[in-house]
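Peer 1: Below are the structure tokens for one structure; questions will follow.
The values are calculated or read from the model by the stated rules, or taken from the named source; none is laboratory data. This structure is a prediction, so every number in the text was calculated from the model and none was measured. FYI the Cβ positions are ideal-geometry reconstructions off the backbone, even for glycines, and counts take in every protein chain you see. Remember, those area values only see protein heavy atoms, side chains included, never the ligands or the DNA or RNA. Shrake-Rupley method; radii C 1.70, N 1.55, O 1.52, S 1.80 Å.
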Amino acid sequence: GALADAVVMESGETALGLAKALAGRSAAILIERRTPDPEVAPMVDDPAVVLSLAEALGLPEELSASLPPAFLVRTPGDAERLARRHPGISFLSRDGVWVEAGTYHVEGDTATPGVLERESELANLARSIPEIEAELKEAIAELSRLVNDRANLAKESNRLQGEVAQLRQELAVAKARMEDAATRHRRLAAEQETLSSEQQEILREIERVAARRGQLQEELAAAEERNVALQEAFERAQAELEAAKAHRESLRTESAGRRGRLELLDERLESHDREEARLAAEVERGQRQVATWREEAEKLTGRRGQIEGELEKAQADLQRALEQRAAAEEGVLEEQERLDLHRQEIKDLEERIQLHRDRRDQVRSQAEELRIQQASVKQDAEHLALTFQEQFSRPLPEQPGEAPEGLAEMEAELARCKATLERLGPVNILAVQEHDEQEERFQFLTTQRADVANSVESLKNTIREINQASSERFNTTFVEVNKSFGETFTRLFRGGEAEMRLLDENDPLESGIEILARPPGKRLQNLMLMSGGEKALTAIALLFALFRTKPSPFCILDEVDAPLDDVNTVRFVDVLKEMAIDTQFIVITHNKLTMEATSTLYGVTMEERGVSKLVSVEIDDVQPEERRTA
């Protein structure tokens, strides 16, 4: 205890000089190494003493001679009794009680560091604090500089990326304009040549026109009269044409409804055909089964006659056997009596054999137990010899006869002492320092954990607010899109109804959406049960509903009208023209009806083999919008 932090001098050194130097400055315990003197060594002759403290700790003789005398005893009572008998000598029990004269010491589970160790630690910490603070200031300054540099670099990177994107966009626009200008230049050159030839032709035509002018003026009056009559006829034809167009549109609507009903009837007819084929197959299997049952019935009828004949024959044989059995039973009774006598004799012999077997098994068991005991004793003797050899570094002496008294108790006590020493382990002098470090780390981790918990709670609150706002905005947008979807669907299909439904209204952010639609002349059904054209038109209606709810500057449509027929294509183009007022549409298509509604066409041609060329046509220049509409 008190000597745990003592300074042990080297052999031949004296502690007096060092003690004078340390006097008045710091507390310390110094131990000199001495040559053991057998005459001065204390002797305690008592059965309760197990070992001396020096022997138990494995100390050298010169060091054990410098320490106060101390012995290990079995119980605290032995320590008290021997301390009274031998003043000045310490006695330690395995229960942690240390008795010296009238002083009792009780050891705890933890050890405290010594004064020298604490002073050394404090000095080291005091010397390292300025260096650590300087390093901390440098690290903070370096971190601030790096953060500023990173922010500046990020701003510069974003600016450069924006400039690069803008330059790329301007380069692409310039290339497109250059190609367009070159194309127009070639087209204008060709047109100039054509105009030159046309100018010469026009001059010649002017001369001819001047000659015919007079004749035409005479014909003009008559033509005006005919023009009035033709205008009246044209107006009547125009009215008839409008009526015919309305009739044609009604016929198309009726045709679409009939086509839907026809498809439904075709599906039902196919279902009836499959059911009829299945029933025919079942009838055929039933007929085959009936034929099989008839064959089995014929076989069973023949088998029945055969069994009846065999049954009559078996009854005759049974009667004869009964007669023979009656005759044989008398002989069996006599044989049974003789058999009982033999059985009794055999039973007596078996009892005698069983007695001999039991006696033999008992002898074998005793012999086996003796062999086991002999092997166990032999193994214990070998183990004891090895243990004695390890403990006392000499072979076990031959001691025939009875074992000495208290040997078993000594072995048990030795085992308990070994287990106690193993459990105690080495003494950790730096336990207090480690405890302080762990305590400081615990406080730091506790603070960090509290910060993380607060951050998690704040994040959860933010997520709840975002989810709430998202749900409200989603529900509002969903209602608007659903309403616009129904209106657009009705216009594209010229009737019917469509709507979107949430699969889980309680959780709109994670819920799926089901689309239900009813084209004219059909029942309400899921989108997956429609034809290809109906699916495409329903998807177009949903797309246009989204753009009407939240318009976009431009939109790219890739082959969305491929599954549509001519009637549905015309409806699609009508809606597309209306929406083109607010949104610029880029349509990739092969449908001529869709191409007619565009203002500019872009295509790819190959004038030379392996060389593709982009060609653009300004429809508004070639055919103005008013003329196309007419």
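Peer 1: Could you compute how much accessible surface Val283 exposes when probed at 1.4 Å, giving the result in Å² to the nearest 10?
Peer 2: 80
Peer 1: OK, next. Once you place label points 7 Å from the Cα toward the Cβ at Ala291 and Arg320, how far apart are they in nm?
Peer 2: Between Ala291 and Arg320, the simple spin-label model gives 4.7 nm.
Peer 1: Something else about it: Per residue, how much accessible area does region 483-630 have with a 1.4 Å probe, in Å²?
Peer 2: That works out to 62 Å² per residue.
Peer 1: Got a sec to turn the phi values of region 127-135 into Karplus ³J(HN,Hα) couplings, 6.51 cos²θ - 1.76 cosθ + 1.60 with θ = phi - 60°, whole Hz, x for Gly and Pro?
Peer 2: Result, rounded to whole Hz: 6, 7, 4, x, 4, 5, 5, 5, 4.
Peer 1: Please compute, for the alpha-carbon atoms of region 149-192, the extent along each of the three principal axes and give them in descending order in Å.
Peer 2: 62, 8, 6
Peer 1: Tell me which lysines have Cα within less than 28 Å of Lys418's Cα, excluding those fewer than 8 residues away on the same chain?
Peer 2: Lys418 reaches Lys378.
Peer 1: Between Glu235 and Glu254, what length in nm is gained on full extension when 0.36 nm per residue of separation is reduced by their alpha carbon distance?
Peer 2: Taking Glu235 through Glu254 to full extension adds about 4.0 nm, to one decimal.
Peer 1: A follow-up question, please. Pop the C-beta distance of Glu191 and Ser157 into the FRET formula with R0 = 56 Å and round what comes out to the nearest 0.05.
Peer 2: Computed FRET efficiency for Glu191 and Ser157: 0.65.
Peer 1: For the cross-link pairs Lys483/Lys522; Lys483/Lys550; Lys535/Lys613; Lys483/Lys535; Lys155/Lys550, which exceed 24 Å when the distance is taken from alpha carbon to alpha carbon?
Peer 2: Lys535/Lys613; Lys155/Lys550
Peer 1: Grab the beta carbon distance between Glu329 and His356, set R0 = 30 Å, and tell me the FRET efficiency rounded to 0.05.
Peer 2: 0.15
Peer 1: Taking amide H atoms as placed 1.01 Å from N in the peptide plane, list the residues 5 or more away in sequence, or in a different chain, whose amide H sits under 5 Å from that of Ala65.
Peer 2: Result for Ala65 returns Arg34.
Peer 1: Taking the simple approach of a point 7 Å from Cα along Cα-to-Cβ for both Leu136 and Gln166, what is their distance in nm?
Peer 2: 4.7
Peer 1: Can you sort Asp180, Asp436 by solvent-accessible area, 1.4 Å probe, largest first?
Peer 2: Correct descending sequence by accessible area is Asp436, Asp180.
Peer 1: Oh, and also: Using a 1.4 Å probe, how large is the accessible area of Leu160, given in Å² and rounded to the nearest 10?
Peer 2: Per-residue accessible area (Leu160): approximately 80 Å².
Peer 1: Among the aspartates and glutamates, which have Cα under 20 Å from the Cα of Lys175 when same-chain residues fewer than 8 positions away are ignored?
Peer 2: Excluding near neighbours in sequence, the set is Glu163, Glu618.
Peer 1: Can you run phi through the Karplus equation (6.51, -1.76, 1.60; θ = phi - 60°) for region 493-500 and list ³J(HN,Hα) in whole Hz, with x for Gly and Pro?
Peer 2: Working through the residues one at a time gives 8, 6, x, x, 8, 8, 7, 10 Hz.
Peer 1: If you average 1/r over every pair of different alpha-carbon atoms in region 137-216 and take one over that average, what Kirkwood value in Å do you get?
Peer 2: 19.2
Peer 1: Something else about it: In nanometres, what is the gap between the two model label sites at Asn467 and Val611, each 7 Å from Cα along Cα-to-Cβ?
Peer 2: So the two model labels end up 6.4 nm from each other.
Peer 1: Treating the Cα atoms of region 480-532 as identical point scatterers in vacuum, please give the log10 of the normalised Debye intensity I(q)/I(0) at q = 0.14, 0.17, 0.22 Å⁻¹, two decimals.
Peer 2: -0.39, -0.56, -0.84
Peer 1: Under 21 Å Cα-Cα from Lys137, which lysines qualify once same-chain neighbours fewer than 8 residues away are excluded?
Peer 2: none
Peer 1: With every protein chain left in place, what is the accessible area of Met595 in Å² (1.4 Å probe, nearest 10)?
Peer 2: The accessible area of Met595 comes to roughly 60 Å².
Peer 1: Using amide H atoms built 1.01 Å from N in the peptide plane, name the residues 5+ places from Val587, or on other chains, whose amide H lies under 5 Å from its own.
Peer 2: Leu557
Peer 1: So who's got an amide H within less than 5 Å of the one on Phe71, skipping anything under 5 residues away but keeping other chains? H placed 1.01 Å off N, in plane.
Peer 2: HN-HN under 5 Å from Phe71: Leu53, Ser90, Phe91, Leu92.
Peer 1: Mind ranking Val332, Val50 by accessible surface for me, highest first, 1.4 Å probe?
Peer 2: Val332, Val50
Peer 1: Give the calculated FRET efficiency between Glu121 and Val49 to the nearest 0.05, with a Förster radius of 30 Å applied to their Cβ-Cβ distance.
Peer 2: 0.15
Peer 1: Okay, next question. Using a 1.4 Å probe and counting only protein heavy atoms, arrange Ser616, Ser90, Ser458 so the residue with the most accessible area comes first.
Peer 2: Ser458, Ser616, Ser90
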